[in-house]
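**Student:** What follows is a single structure, and I will ask about it in a moment.
Values quoted throughout were computed directly from the atomic coordinates according to the rules given, and no laboratory measurement underlies them. No experiment lies behind these values; they were computed from the predicted model shown. Backbone-built Cβ (ideal geometry, glycine too); neighbour counts: all protein chains shown.
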Amino acid sequence: MVNAKTRLYGLIGNPVEHSLSPIIHNALFKRYNINAVYLAFEVDDLDSAVKGIKALKISGLNITMPYKERILEFLDEFSEEAGAIGSVNTVVNRAGELIGYNTDAVGVLKALNHFTEVKDRRILILGAGGAGKAIAHALSRLAKVVVLNRTERKAKELEKFGLKGEKLSRESLEYYLSWADILINATSIGMNEDKSLIPKELLRKNMTVFDIIYSPLETRLLRDARKIGCLTVDGLWMLIYQGAESFRLWTGIEPDVGFMRKVALEALRDENQGI
Ligand code: ATR
């Protein structure tokens, strides 16, 4: 029941109307008997929104596009990892102090670990945008990482994490796909379109292929990979594990990821049916 003691959590971004986070987090609050609600806030003015968080004592927030980088200047503190990546997707209100974290990094690691060993593996990441950067940072601490990006400069910038960054091309793809054990697509190619950056013939069946896109759940890349026998991991796992980490930071509870996946899949199915 919502009453005078109910705590408020939410999402700040623009747009936010298609986010699965309200459905997932409200289901978790119910499951763990926590008197809280989670709402999506479409924000035009970040400065005023942050003042509102403090004034209204909102307990915690997720931050999404286009504010993940800009939010840093409004925070009282942020984790070392969020600072290194330059991006925050989770904020905890600790007695009036806003503390920022990046749970995409932990999210990708836990999602991959759910299926395969990550330590010392050879990982090829496509994309050096916001998501690619967080993933590269998390994985380069444990594994051998190469990042290929259309804009070479952005791949080179990530070399400060102790990885190798190169321009994305047919030649670099061919070379590093024959080297990698794990392939991660962190570009937007394949989102709501039947396209893949990887020619099918370059995939090998002993690879693990992870696409961070979850719409569609099985992208062209994952379909090609499944057909040749690769282990495939969809982007909903990443969304779930980063959400689980946000929930843990807010409540101290490690939520049941199987339950979160079930809730998210039902929501996706309803959305596809236009409900
Ligand atoms: P996100 O926060 O989701 O990572 P982003 O920061 O805009 O979004 O990054 C999008 C990624 O997809 C980038 O790596 C981008 O490459 P550039 O850095 O060269 O822009 C990549 N991307 C987008 N369209 C692409 C395309 N047609 N071919 C190759 N890479 C593409």
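**Student:** Are any residues in segment 68-83 away from the ligand (no atom under 16 Å from the Cβ), out of contact with any strand residue (DSSP E or B) (no Cβ under 8 Å at 6 or more places or on another chain) and among the acidic types (Asp, Glu), and if so, which ones?
**Tutor:** Passing the criteria: 73, 80.
**Student:** Looking only at segment 217-264, count how many residues are part of a loop (DSSP other than H, G, I, E, B), out of contact with any Asp or Glu (no Cβ under 7 Å at 6 or more places or on another chain) and more than 30 Å from residue 91 (Cβ to Cβ).
**Tutor:** Of the residues in that region, 3 qualify.
So that you can scan it fast, the table gives a plain yes or no per residue for (1) within 16 Å of the ligand (Cβ to nearest atom); (2) among the aromatic types (Phe, Trp, Tyr); (3) over 16 Å from residue 131 (Cα atoms):
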| site | (1), (2), (3) |
| --- | --- |
| 199 | yes, no, yes |
| 204 | no, no, yes |
| 217 | no, no, yes |
| 230 | no, no, yes |
| 240 | no, no, no |
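**Student:** Mind checking which helices (runs of 4 or more DSSP H) fall wholly inside segment 1-99 and carry at least 1 residues that are over 30 Å from residue 265 (Cα atoms) and of a type outside the set (D, E, K, R)?
**Tutor:** Fully inside segment 1-99 and qualifying: 46-55, 80-85.
Residues are listed down the side, and each one gets a yes or a no for (1) near the ligand (Cβ under 7 Å from one of its atoms); (2) among the charged types (D, E, K, R); (3) crowded, with 17+ Cβ neighbours inside 10 Å:
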site: 118; (1), (2), (3): no, no, yes
site: 121; (1), (2), (3): no, yes, yes
site: 126; (1), (2), (3): no, no, yes
site: 130; (1), (2), (3): yes, no, yes
site: 134; (1), (2), (3): no, no, yes
site: 139; (1), (2), (3): no, no, yes
site: 143; (1), (2), (3): no, no, yes
site: 146; (1), (2), (3): no, no, yes
site: 153; (1), (2), (3): no, yes, no
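**Student:** Okay, next question. For a quick check of your reading of the model, give me the residue pairs whose first member lies in segment 172-195 and is in contact (Cβ under 8 Å) with a residue 40 or more places away in the chain, whose second is acidic (Asp, Glu), with beta-carbon atoms closer than 7 Å and at least 6 apart or on different chains.
**Tutor:** The qualifying pairs are 185/211.
**Student:** Also, I was wondering about something else. Keeping to segment 178-195, report how many residues are surrounded by 19 or more Cβ atoms within 10 Å (Cβ to Cβ) and more than 11 Å from the ligand (Cβ to nearest atom).
**Tutor:** Total satisfying the criteria: 4.
**Student:** Determine whether segment 155-164 contains at least one residue that is touching a Ser or Thr at 6+ places or on another chain (Cβ under 8 Å), over 20 Å from residue 68 (Cβ atoms) and among the small types (Gly, Ala, Ser).
**Tutor:** yes
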